[in-house]
Amino acid sequence: MKPSYQNFTIIVNWKSKGFGCAKTCTYCNWRDSSLLPHGSQSTEAISAFISQCRKSFITISGGADPLYKFEEHSGELLAMIRVIQAHGFKVRIITREVQHVAKLKDIADFISISLDADVLNEIKRHRHDWDGMQIEYSLVLPPVPTSDIAATKAQYAALRSTLGQRLVLRENLNSVFPLDLEAMSFGHSGIVLVPKSLCLNARYLSTIDCTGHEIVQDNAALANHLMSKQDVVLFGGFVKHLISPVQHMDYSDIDVIALSSNVIDTLAARFAFTFEAVSPADSYPRYFIGKSARAGKTVQVVLMHSMEEAKRFIFNAQYDVDRVGYSNHAFIFDLGIGETTIRHAIEAKRASTIQSSRSLALFSTHRPHIEKRHKLKLVRKGFSIIEPIHAN
């Protein structure tokens, strides 16, 4: 059997401040990472890193896009490529900036083009310039159960046929659903599946030299931890995702009600989160925002005393679609609205305003402003806002 060695990837970000990528991909975990470099990696750092590699190639990837503002940063990129090739390795570039791909002919050994709708349109304009180049295409799978992905296998096969090159399907690092590799097999090497475990076990040169799980959050591990705890109640977009993952693929952060400060301590110790209080020390409940040193989702925590208070908090939300939580492997629905009604509203993306009296005692004094922003966020996510509905 052919031995399996770790992939070695150099993370780049050319901007001295911020994130050097023209795209805003929903699955991207790098944008706010504290381990994202700013500027090129040094010759010494690259040489030390790739000396450990047992494969024949080194990948240069985002982080941000390696070909972002190519004319401005090409010198830095080409210098890194020369260092890698001087050590006898081939170079693979992962990019979305297809308008610059041809400029790497006879320079980069392999190009992997990350796909989205805009990129697909651009490919038609530029692929005639890529004759003789080793091109493959990659696509990040949606963060939904395998059954939903497998139902669209024919579409992936058609895409691969249209592109005419190898198609790499990458498991979404933000997915909380296990991926059945056998169910996704296409029976040939023209379509390759890359599980998240490969990325989490690969080596990376970021601001540090490390293994993937040290700089990339395994969202499934984080979510499964939170979903199994009796002193954690999840709410908001993440719970909508659990109820209807196809309709609600994207959630920007994970909303948590913690019934013990131990929840925060464990997230800090096990998942490398640092928490900042965003409410006065003498207020109740306390609000915290947690960001991990590993690239991944932000966690917003509301610290409360009891499950009764957590339910009161959730069950006094302004819309029916928000009146559901999740704790210890079970959903918690507002029975005044009803599980069936809430599930249907979430799946149909119809948010009905609750007109009966609401207890706002556990909410921030800025609640009216927060609810206005929340309404706008729902509309942007495709929700219809329905008025009115009365709770029993």
*Starting from the Kirkwood radius over alpha-carbon pairs of segment 1-145, derive D by Stokes-Einstein at 37 °C in a medium of 0.692 mPa s and give it in µm² s⁻¹.*
205 µm²/s
_Kirkwood Rh and Cα Rg combined as Rg over Rh, evaluated for segment 253-392_ = 0.97
*asked:* Report the Rg/Rh value for the chain, based on alpha-carbon coordinates and the Kirkwood definition of Rh.
replied: 1.01
*Would you work out which of Gly63, Met307, Gly338 lies farthest towards the positive end of the dipole of the chain, given +1 charges on the beta-carbon of Lys and Arg and -1 on that of Asp and Glu, about the Cα centre?*
Gly63
*Might you report the magnitude of the Cβ-based charge dipole of the chain about its Cα centre, with Lys and Arg at +1 and Asp and Glu at -1, to the nearest 20 debye?*
420 debye
*In degrees between 0 and 90, to the nearest 10, how far off the longest principal axis of the chain does helix 70-86 point, with axes built from Cα atoms?*
60 degrees
*Subtracting the Cα-Cα distance from 0.36 nm times the residue separation, let me have the gained length for Ser189 to Lys377 in nm, one decimal.*
63.5 nm
_For segment 109-182, take every pair of Cα atoms, bin their distances at 10 Å starting from 0, and report each bin as a whole percent._
16, 48, 27, 9
*So which lysines pass the test for Lys372, namely a Cα distance under 21 Å, with those fewer than 8 places away in the same chain ruled out?*
Lys240, Lys349, Lys381
_In Å and on Cα atoms, what radius of gyration and Dmax does segment 131-272 show?_
17.9, 60
*Would you kindly derive the ³J(HN,Hα) couplings of segment 200-209 from the backbone phi angles with the Karplus curve 6.51 cos²θ - 1.76 cosθ + 1.60 (θ = phi - 60°), listing them in order in whole Hz, with x for Gly and Pro?*
6, 9, 6, 9, 9, 10, 10, 6, 9, 9
*Reachable lysines from Lys55, criterion Cα separation under 20 angstrom, eight or more residues apart if same chain*: Lys2, Lys90, Lys196
*Accessible surface, per residue, of the chain when the full set of protein chains is kept, probe 1.4 Å, Å²*: 48 Å²
_Please give the charge dipole size of segment 188-310, origin at the Cα centre, charges +1 on K and R Cβ atoms and -1 on D and E Cβ atoms. Round to the nearest 20 debye._
400 debye
*Return, in residue-number order, each cysteine of the chain whose C-beta is not under 4.7 Å from any other cysteine's C-beta.*
Cys21, Cys53, Cys199, Cys210
*Can you give the extra length, in nm with one decimal, that the chain gains between Ala277 and Ser161 once fully stretched, where that is 0.36 nm per residue apart less the Cα-Cα distance?*
36.6 nm
*Quick one: which residues, 5 or more positions from Val91 or on another chain, have an amide H under 5 Å from its amide H? H modelled 1.01 Å from N in the peptide plane, none for Pro or chain starts.*
Ile58, Asp109, Phe110
*So, with a 1.4 angstrom probe, what is the percent of accessible area on the chain that is carbon and sulfur?*
50 percent
*Rounded, prolate or oblate: which one fits segment 194-295, using the alpha carbon gyration tensor with axes a ≥ b ≥ c (rounded when a/c is under 1.5, else prolate when a/b beats b/c, else oblate)?*
oblate
*Would you please classify the overall shape of segment 63-214 from the alpha carbon gyration tensor, given that a ≥ b ≥ c denote the square roots of the eigenvalues, rounded means a/c under 1.5, and beyond that prolate means a/b larger than b/c while oblate covers the rest?*
oblate
*Quick one: which residues, 5+ away or cross-chain, put their amide H under 5 Å from the amide H of Ser138? H built at 1.01 Å from N.*
Ile113, Ser114, Leu115, Val168
_Under the rule that an exposed site lies in a DSSP loop and has at most 10 other Cβ atoms within 10 Å, name the longest stretch of the chain with no trypsin sites (Lys or Arg not before Pro) of that kind, not counting the sites themselves._
55-392
*Going toward the positive end of the dipole of the chain, with +1 on Lys and Arg Cβ and -1 on Asp and Glu Cβ, which of Pro388, Gly88, Val144 do you reach last?*
Gly88
_segment 158-168 - phi-based ³J(HN,Hα) in whole Hz, Karplus 6.51/-1.76/1.60, Gly and Pro as x_ = 5, 4, 4, 5, 5, 6, x, 10, 4, 10, 9
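The values are calculated or read from the model by the stated rules, or taken from the named source; none is laboratory data. Every value quoted in this text rests on a predicted model; they were computed, and no experiment measured them. Note that each Cβ is placed from the backbone with ideal geometry, even for glycine, and that neighbours are counted across all protein chains shown. These accessible areas exclude ligands, DNA and RNA; they are computed on the full protein's heavy atoms, side chains included. Shrake-Rupley method; radii C 1.70, N 1.55, O 1.52, S 1.80 Å.
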